[in-house]
Structures are given as structure tokens and as C-alpha cells.
Amino acid sequence: MREGGSLGRAALALLLMAAGAGARPRPPAPGNQPRYNVVLVACDSLDGRLTFFPGNQTVDLPSINFMKRHGTVFLNAYTNSPICCPSRAAMWSGLFTHLTESWNNFKGLDPDHVTWMDLMEKHGYRAQKFGKLDFTSGHHSVSNRVEAWTRDVNFLLRQEGRPMVKLTGCRKQFRVMEKDWQTTDKAVNWIKEEAVNFTQPFVLYLGLNLPHPYPSPYAGENFGASTFLTSPYWLEKVNYEAVKIPKWTSLSEMHPVDYYSSYTKNCTGEFTKEEVRNIRAFYYAMCAETDAMLGEIISALQDTGLLGKTVIIFTADHGELAMEHRQFYKMSMYEGSSHVPLLVMGPGVREKQQIPNVVSLVDIYPTMLDIARIPVPQNLSGYSLIPLLHEKAESEASPRELRPSWVLSEFHGCNVNSSVYMLRTGKWKYIAYSDGSSVLPQLFDLTADPDELTNVAIKFPVTVYSLDKTLRSIVNYPKVSSSVQEYNKQQFISWKQSLGQNYSNVIANLRWHQDWLKDRKKYERAIDKWL
């Protein structure tokens, strides 16, 4: 670990010089390719738009910038489900959410599901993972799963604490998220003490919690995570003048699903511009701390002479709205929530390349196998990124490598009272809900309206029809929505029965307790009517 615990400007300058001086060897001739090491750093809740202009003007992210100079940044990378566990299930399985049936944070992959890391280890890679995984079933709070199961119940309850900021420490305190720093230390030590001695290639995964908001115990029992916390050290990395105050649609004009999300996230109250700016600035500061941890990994690879033999991938499970569309957290198809960072550098990867193609996290699985020269299964939802990274001509690509011009994201969890499906293609973002008819769809022209403030679905019915037809060819979404509704009801019934006479007390004291306790009987009757 370097003094100061983060990859500073001086260290990055040295790395830049070393890389420019030929730290990475030229790609060997086809047929004689070594199998390169792979490092995947996946953080939690980083808005992908911060990795390119103009979002990159808001905060200093030197490690991400280093990867951009010496590698490739994807300009349109998306999560396949904007919430932790289902998104990670897609990334580790290479399958869309409706195929893994990872409906919420409680339901992910089975523990014995074969991941890309399992296959790489089977084919001779030394494999190691540190930190947050969160792609298997059975995790997260009782509140989280009950809120997801009951989203079709006819009530409206605040499920989160009001978003707020908290400053901690002093100008010299850089290790704010100590748990993530300790995890990063373990990965750095593993690289320097073990990986450096391997005779076979290795694959390393580092999972970070940042820049996910921190828990908010002030909200009482079963509190959520609505605190954006940082130190002056990281806050000074933020360009306050560039922090944009998002425009909000009035509550009365919001899409009904957006209103439900805003209300359950405790965001329908009054917020001053200063509050909103601070929430966003503190979030960006948390992103800066995340970037420093990525820098530690790059630095360790450089110090051990492994940087030129290693493909590094940096991404996140989803983004963070940070008060855009009057919401924080994720669970939305808006850009702040669904657009993820995706940067790749290493042997054979073109430098200073920006790729506009739409890609998504299911592409990680076949990409990992491609790097390891392992045959890619034909049943995956994703496509290898290698042809894009190597700028391979379409005429040279096999049929399997010819990726579609769209990506799919879907959401079935808490804070949203409908299953949601997003198709992103060209300049369009099409969002369908539930059965496709009971809730109005949304259509955004991201070229003309990058802030997604104007739903043009009524204005372009032919486009809506065409995109909906494409969406239905990918997934029978009315049928999936119906399956999720039935799953939610059955899971809730089983949970209720398991509690016996404790049911009334337990359900009253979940994260929504402040609203629930105002009228217990009313909300219990609403659930009984639903059942």
C-alpha cells in the first residue's frame, strides 16, 4: 500500500510514463497467444456517465482516466436489472433476469450455478475473489424482500429514510469506507505475495460496496441506506460548480410508477437546491474514493510487473439517481440508475478508444471466457466484448459474435409497483410496464432529451409499436410479469405463515414502520384484500 492509501497524481504520472514506455507487450501473433490474467473490479452504484464527457467534469477520477488513456471506455453500457442481486446474477451467469428468475434482492442464482470464474478455474486459471459478491439467493433484509413481495398491494408507504448527507473526519482522512479499504488491501496483498509467483494465469475479482449510500440509523428500527457520507478529503475532489441540479417534473405530472418510487424512497417532500446539490456532491466524492481503490489495484499490478500481462475490467452493478427524477438509489430505468461504467485495458485492447455500441453486464461472462480462450456456451444472453475491443471487422466475426443493436434491462423488485422492461437501441429508450397495457409505456429520445424529461410515446406511436414488437420477441413480458406477481404472493403467504401469531408485530416494524404504525389495521386489511 502506498503512503496515503490511494493512487495519487504522482503515482499515476509514473504509471503513465511506464505504460507509455512499453509496460505492456505487443499482442502476440494469432495461434501463439498466451492466456492473460484478468482482474475485474466491480463497485456498487456508480453512474456510468461519470466516465466520459460531460459527466467526468464533476469529479476527479484519476484511475478511471488512466484506464481511458490506456484502454477502452464503453459509452453505452447498461445493467440488466438496476438492483444489486439480480444485476450481479446476470453478470455472473451471462443470462437475462427473466431466465435466472432473479426477481429481487432475496432471489438470485442457486449456489451451484456455474459462473465464468468456475469455468476459468476448471480450465487452469488460479481464481480468487474478495469483497461483495451478492449474486446468490437468501441475502438482504426481511424488509427488502417483503417490500418487493407486497408491491402490488393497494397502499403507499415510505420505505426509506429521507436522503441526507454527512461529513466525517478531516481533510487528511481518505479511508472513509474502511471495509472496502480492508478488502482492497487483501486484493493488493494477494497480487504482491501470491499472484506474482504463479506460473499459470489468474483471475481476480474485487467487489466494492462504494459508492452505495450508507445506512441511516436515524430513521429508527429496520433503517435503510439513505446517507451520503464522505470526508473533506474526497469532497475536495468534486467540482461544485459543475454539479448539476436536475429538473423535476411536478408530482401531479409524474408517471404513476415514478410517483410510487419517489414516495416509497421518501423523496416527495420539499428539498432545497442546496440539499440536492450536497447529496449529489457527496455522492461524487464517494465515487472519488471508489476510484482510489481501483488505483491501488492498478498500482499493485504495475509494482509486480503484471500490468502488461493483465486485462483489467472496471464496472458496477447499477448506477445511482442522486436525486434525478426526484429519487435516490437505483430501481429505475432512467440513465442515472441503469447506465453503468465499463472500462477495459490490457494486452490487445485498443488505447484511447470510445465505443458507442450498446452493451450490458451479461456480456461479461462470454468476454471472460474469450480472454481465457474457453469455448463460449451458445445459450448465453450476452456477447463477448472482445471483437469490439479489438475492433474486429464484421466480416471476420462469427454469427455468434454479431451482437444485436439493443440491450435489455428489467426490474421486478421493491420501490417499484410494476415489473419494468427497458429496451435501449439507437437513440431510443423504450420502457414497458407490467402487461403492456395497464400502465402507459415511456419513450425517450436520448439524443434530443438526454435528461429524459419528455415522454414522447404518444408522439411516436409507430416507433413504440416497433420497439414493443422487438421487446416481445426477446421476452414475453406480460407472461413474466404475471409469473412475478404469483411468485410474490406465494412467497408472502409462506413468510406470513412461518411467523404465526408474531405476524402483526413483525410486519408493523419493518422499514415502513413510521407510516404503518399510524394505522395498523388499514394496512393489514389492504394485504388481506390482496391475498
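The values are calculated or read from the model by the stated rules, or taken from the named source; none is laboratory data. Small disclaimer: the values here were computed from a predicted structure and weren't measured. All Cβ positions, glycine included, derive from the backbone under ideal geometry; neighbour counts span all protein chains shown. Calculation scope for accessible area: heavy atoms of the full protein, side chains included, ligands and nucleic acids excluded. Shrake-Rupley method; radii C 1.70, N 1.55, O 1.52, S 1.80 Å.
For segment 314-322, check the following and say yes or no: at least one residue is open to solvent by 10 Å² or more (accessible area, probe 1.4 Å), modelled with pLDDT of 95 or more and either of a type in the set (Val, Ile, Thr) or part of a helix (DSSP H, G or I) (or both).
The answer is no, given that none of the residues of segment 314-322 is open to solvent by 10 Å² or more (accessible area, probe 1.4 Å), modelled with pLDDT of 95 or more and either of a type in the set (Val, Ile, Thr) or part of a helix (DSSP H, G or I) (or both).
Inside segment 488-524, can you point out the residues that are closer than 23 Å to TYR218 by Cβ, among the aromatic types (Phe, Trp, Tyr) and either part of a helix (DSSP H, G or I) or open to solvent by 90 Å² or more (accessible area, probe 1.4 Å) (or both)?
Result: TRP516, single match.
Considering only segment 110-126, I want to know if a residue exists there that is within 19 Å of the chain's Cα centre (by Cα) and part of a strand (DSSP E or B).
Looking for residues that are within 19 Å of the chain's Cα centre (by Cα) and part of a strand (DSSP E or B), one finds none in segment 110-126, hence no.
Residue-by-condition table, conditions (1) under 18 Å from TYR334 (Cα atoms); (2) open to solvent by 60 Å² or more (accessible area, probe 1.4 Å); (3) under 22 Å from the mean Cα position of the chain (by Cα):
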position: LEU210; (1), (2), (3): no, no, yes
position: LEU229; (1), (2), (3): no, no, yes
position: TYR240; (1), (2), (3): no, yes, no
position: SER250; (1), (2), (3): yes, no, no
position: PHE271; (1), (2), (3): no, no, no
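Starting from segment 84-106, take each residue that is open to solvent by 10 Å² or more (accessible area, probe 1.4 Å) and list its partners that are polar (S, T, N, Q), counting only C-beta distances under 7 angstrom and pairs at least six apart or across chains.
Close Cβ pairs satisfying both conditions: LEU95/SER381; PHE96/ASN80; PHE96/SER381; LEU99/SER381; THR100/SER93; PHE106/SER137; PHE106/ASN144.
When you go through (1) part of a helix (DSSP H, G or I); (2) closer than 28 Å to ASN104 by Cα; (3) of a type outside the set (Lys, Arg) one by one for VAL439, which number turns out not to apply?
(1)
Restrict the check to segment 382-389 and report whether at least one residue is free of Cβ contacts under 8 Å to residues at least 12 places away in the same chain, open to solvent by 10 Å² or more (accessible area, probe 1.4 Å) and small (Gly, Ala, Ser).
No, every residue in segment 382-389 fails to be free of Cβ contacts under 8 Å to residues at least 12 places away in the same chain, open to solvent by 10 Å² or more (accessible area, probe 1.4 Å) and small (Gly, Ala, Ser).
With the checklist (1) within 23 Å of VAL416 (Cβ to Cβ); (2) surrounded by fewer than 16 Cβ atoms within 10 Å (Cβ to Cβ); (3) of a type in the set (Phe, Trp, Tyr) in hand, flag the one item PHE444 doesn't pass.
Against the list (1) within 23 Å of VAL416 (Cβ to Cβ); (2) surrounded by fewer than 16 Cβ atoms within 10 Å (Cβ to Cβ); (3) of a type in the set (Phe, Trp, Tyr), PHE444 comes up short only on (2).
State whether one or more residues within segment 34-48 are assigned to a loop (DSSP other than H, G, I, E, B), over 24 Å from ASP185 (Cβ atoms), of a type outside the set (Ser, Thr, Tyr) and over 18 Å from the mean Cα position of the chain (by Cα).
yes
Any chance you could count how many residues in segment 70-91 are closer than 19 Å to HIS390 by Cα and touching a helix residue (DSSP H, G or I) at 6+ places or on another chain (Cβ under 7 Å)?
Final tally of qualifying residues: 4.
Applying the selection to segment 323-350, what residues are over 14 Å from the mean Cα position of the chain (by Cα), closer than 18 Å to GLY295 by Cα and not in a strand (DSSP E or B)?
Scanning segment 323-350 gives a single hit, GLY346.
Go through ALA288, ALA292 for me and flag whichever is in contact with a strand residue (DSSP E or B) (Cβ under 8 Å, 6 or more places away or on another chain), surrounded by 22 or more Cβ atoms within 10 Å (Cβ to Cβ) and part of a helix (DSSP H, G or I).
Unique residue meeting the criteria: ALA288.
For segment 159-173, give me the residue count where each residue is modelled with pLDDT of 95 or more, of a type outside the set (Ser, Thr, Tyr) and either assigned to a helix (DSSP H, G or I) or surrounded by fewer than 23 Cβ atoms within 10 Å (Cβ to Cβ) (or both).
Of segment 159-173, the ones modelled with pLDDT of 95 or more are 163-168.
Subsequent filtering for residues that are of a type outside the set (Ser, Thr, Tyr) retains 163-167.
Filter again for either assigned to a helix (DSSP H, G or I) or surrounded by fewer than 23 Cβ atoms within 10 Å (Cβ to Cβ) (or both), leaving 164-167.
Counting residues in segment 159-173 that are modelled with pLDDT of 95 or more, of a type outside the set (Ser, Thr, Tyr) and either assigned to a helix (DSSP H, G or I) or surrounded by fewer than 23 Cβ atoms within 10 Å (Cβ to Cβ) (or both) gives 4.
So that you can scan it fast, the table gives a plain yes or no per residue for (1) among the charged types (D, E, K, R); (2) touching a residue at least 12 places away in the same chain (Cβ under 8 Å); (3) under 23 Å from LEU301 (Cβ atoms):
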{"residue": "PRO341", "(1), (2), (3)": "no, yes, yes"}
{"residue": "GLY348", "(1), (2), (3)": "no, yes, yes"}
{"residue": "PRO356", "(1), (2), (3)": "no, yes, no"}
{"residue": "ARG373", "(1), (2), (3)": "yes, yes, yes"}
{"residue": "VAL407", "(1), (2), (3)": "no, yes, no"}
{"residue": "VAL416", "(1), (2), (3)": "no, yes, no"}
{"residue": "SER419", "(1), (2), (3)": "no, yes, no"}
{"residue": "TYR430", "(1), (2), (3)": "no, yes, no"}
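Quick check on segment 148-161. Is at least one of its residues acidic (Asp, Glu) and in contact with a Leu (Cβ under 8 Å, 6 or more places away or on another chain)?
No: segment 148-161 contains no residue that is acidic (Asp, Glu) and in contact with a Leu (Cβ under 8 Å, 6 or more places away or on another chain).
Just a yes or no: is a residue in segment 128-149 open to solvent by 30 Å² or more (accessible area, probe 1.4 Å), more than 22 Å from PRO215 (Cβ to Cβ) and among the small types (Gly, Ala, Ser)?
yes
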